[in-house]
1. I'd like the distance between the alpha-carbon centres of region 334-376 and region 88-133, rounded to an integer number of Å.
2. Considering every pair of different Cα atoms, what Kirkwood radius, in Å, is found for region 253-377?
3. Where Lys and Arg each count +1 and Asp and Glu each count -1, what net charge lies around PRO278 among other residues with Cβ under 14 Å from its Cβ?
4. Based on alpha-carbon centroids, what's the gap between region 273-312 and region 146-199 in Å, whole number please?
5. Just to verify a number: what accessible area does GLU144 come out at with the full protein assembly present, 1.4 Å probe, Å² rounded to tens?
6. For region 231-301, what is the accessible area per residue in Å² when the probe is 1.4 Å?
7. Based on the mean of other beta carbon atoms within 10 Å per residue, what is the order of 316-325, 279-288, 330-339, most packed first?
8. Using a 1.4 angstrom probe and counting only protein chains, how large is the accessible area of ASP193 in Å², to 10?
Amino acid sequence: MSVDIEEILGRELRQVADGVRVPPLPALPREAPRSPSRHWQALLVAAVVLLVVGCAVAIEAISGGSHELDPAPPPPKHGQVESDVPIPRTAPRAPYVLGQKLYVDGKRVPGDWWSVQSGPGGWLAHRAGDTWWWGKSSEAHPIEEDLIGSTAISPNGRYVGEVLGWTDEGDLTGFDTRPGGEGMGATPIELGDPAAGDPVYVRGVTDDGRVIAQGAASAVLWLPWLDGSTVDLTKTAPGQVVVASTAAGLVVTDGAEGAPYLATISDAGVITKTGDVPANDSLVISPGAQSMAWTPPGTLGGEVAEVPSLEAQRLDGSGRVTLRPPTGWGFRVESWAWEDDDYLVSPVVGDGGDGGAVERLVRCSIEAARCVLIDAP
């Protein structure tokens, strides 16, 4: 159809052009005034040229030519209102717990589960009955039975650190999650009295396998892959409390109630600030260390089981947005996790209509500034 139109328009243009008589250009007059007829002839030539150009453009637009489609409009800038940028509704790529069921790689792991944390190299999950398990696929492996409830996985999912023991003396230990990976050995650690209200926990495991454990009785940095030694953090970083290890570094506070900040830690146990993070009750940072989401201070605690919104932004401070699940749903407390640097996934709780609660999953986009229910499991 487009070829026929080109032929018709081309034929008509040739007929118009053939009918125009353009006189040859005369020699330049010395001082003679311009002839009115010549003025109109020039205008007519210009009109024909414009007509030819315009029709050529029309032919190209109708026939499609060889041009590509116009580019899509750019995504909304950070901090803008909700956009209609599509958000995938497929099941999460990372492990997740929904209705006390753990799913890894699209498969359900047997048992009832409370929570899971993961990195590209593996996952660590808390099972009902207060036991801990780990894995790289849907096959789960138990952790030592005398674990006192303190364990953590590195942001890349490669290392797991543990505190073992029930008495005043215990062991700080761990292992490599890679196939054929070896144990990290063990080092003695003072546990104090866990029943007194401030037990020693594994506060962080770095991507290179260093382990930080802190509590009322001990605050140490363990270097299992260097020489197996420990560093007393009460001397090298007095008053500094490690809250978590993330892809962007350690989250640390200056004292139990101090402002949080991002930091690195040296083999000598020196903590160096690298950036600020918002005051929060709970903070998660994306795997690529580009985005963070948090709940403001005072949001959690007590019997709070769900929250109506999360705050999110880029680590450089840009793109501040408030993420809210669809109407009628609330984020299940401290169950949210980043899939990548844009998408955050979380179980949400809603009213089942018969007085009972039901759970679904949402995927939230920091770029689109909104959340959608997704099809899972």
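The values are calculated or read from the model by the stated rules, or taken from the named source; none is laboratory data. Just so you know, these numbers come straight off a predicted model, no measurement behind them. Glycine also receives a Cβ, built like all others from the backbone with ideal geometry; neighbour counts cover every protein chain displayed. Ligands, DNA and RNA are stripped out before the accessible areas are found, and what is left, the full protein with its side chains, is counted by its heavy atoms. Shrake-Rupley method; radii C 1.70, N 1.55, O 1.52, S 1.80 Å.
1. So the two Cα centres are separated by 15 Å.
2. Details: mean 1/r = 0.0638 Å⁻¹.
With all distinct Cα pairs of region 253-377 included, I get 15.7 Å.
3. Working: positive: ARG314, ARG320; negative: ASP276, ASP281, GLU311, ASP316.
Net charge in that neighbourhood comes out at -2.
4. 25
5. Probe radius 1.4 Å; accessible area of GLU144 about 110 Å².
6. Values: 3070 Å² over 71 residues.
Heavy-atom SASA per residue in region 231-301 reads 43 Å².
7. Details: 316-325: 16.7, 279-288: 18.8, 330-339: 20.5.
In descending order of packing, they fall as 330-339, 279-288, 316-325.
8. 90
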